[in-house]
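Heads up, the thing below is written out as structure tokens.
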Amino acid sequence: MNSVEATRLSETAPIAVRTLDHVTVVVGDLEASRAFYVDVLGMLEVPRPAFSFDGLWFQSGPTQIHLILEYDGSGPAGNLVPSEHRGARTHHFAFQVDDAHACAARLQELDVPIVAGPKERPDGAVQVFVCDPDGHVVELTSGSGESPPGVE
């Protein structure tokens, strides 16, 4: 391939997204959210830059959750989807876990309401869905171990 062809290809090639870096949610109570993400989900609280607004960052593996405490310059805290529609087929983000069934049992021990599942997907993965203190739907999934085509 010559340099003209390489330039043309670079101008038409899609952006090469590598991985999900973080998910940001706006919350109404940082301490309640810390308790959920650290004490229930086992995430690690990590340092956060000195922004001009309050928030917290948590990490599990390479993925982070960024919380912003609701203020005049943010969006509204919480999930705007009515609670009766919060479950497996609405806005949510997912974490891989070793055993979704064991997670469901632990969630019950901790009195964390399960909004859907545990249930098995057609590919064999098992999903369970809960809400954080502000109603953001969080999926915990374990299972098939198969990567989508083109993913190693």
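Structure summary
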item	result
Residue in segment 82-95 that is modelled with the highest pLDDT, counting only those that are touching a Gly at 6+ places or on another chain (Cβ under 8 Å) and surrounded by 12 or more Cβ atoms within 10 Å (Cβ to Cβ)	Arg86
Criterion: in contact with an Asp or Glu (Cβ under 7 Å, 6 or more places away or on another chain) and of a type in the set (Val, Ile, Thr) - qualifying residue of Val38, Val46	Val38
Count of residues meeting criterion [in contact (Cβ under 8 Å) with a residue 40 or more places away in the chain and out of contact with any strand residue (DSSP E or B) (no Cβ under 9 Å at 6 or more places or on another chain)] in segment 95-116	1
Hits in segment 75-96 (condition: more than 12 Å from the chain's Cα centre (by Cα) and under 18 Å from Tyr37 (Cβ atoms))	Ala77, Gly78, Asn79, Arg86
Residue check, Val23 within 29 Å of Gly124 (Cα to Cα), in contact with a strand residue (DSSP E or B) (Cβ under 6 Å, 6 or more places away or on another chain) and surrounded by 13 or more Cβ atoms within 10 Å (Cβ to Cβ)	yes
Test set (1) in contact with a Ser or Thr (Cβ under 7 Å, 6 or more places away or on another chain); (2) farther than 14 Å from Leu41 by Cα - His91 fails condition number	(1)
Filtered residues of segment 79-104 (kept if assigned to a loop (DSSP other than H, G, I, E, B) and touching a Lys or Arg at 6+ places or on another chain (Cβ under 9 Å))	Asn79, Ala88
Lys119, sole failed condition from (1) over 16 Å from Ser142 (Cα atoms); (2) touching a residue at least 24 places away in the same chain (Cβ under 8 Å)	(1)
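Conditions (1) part of a loop (DSSP other than H, G, I, E, B); (2) at pLDDT 95 or above, marked per residue:
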site: Pro14; (1), (2): yes, no
site: Ala32; (1), (2): no, yes
site: Val38; (1), (2): no, yes
site: Glu45; (1), (2): no, yes
site: Phe51; (1), (2): yes, yes
site: Leu56; (1), (2): no, yes
site: Ile68; (1), (2): no, yes
site: Ala77; (1), (2): yes, no
site: Arg106; (1), (2): no, yes
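The values are calculated or read from the model by the stated rules, or taken from the named source; none is laboratory data. What you see is a predicted model; the values in this text were computed from it and never measured. Note: ideal-geometry Cβ built from the backbone for every residue, glycine included; neighbour counts use all protein chains shown.
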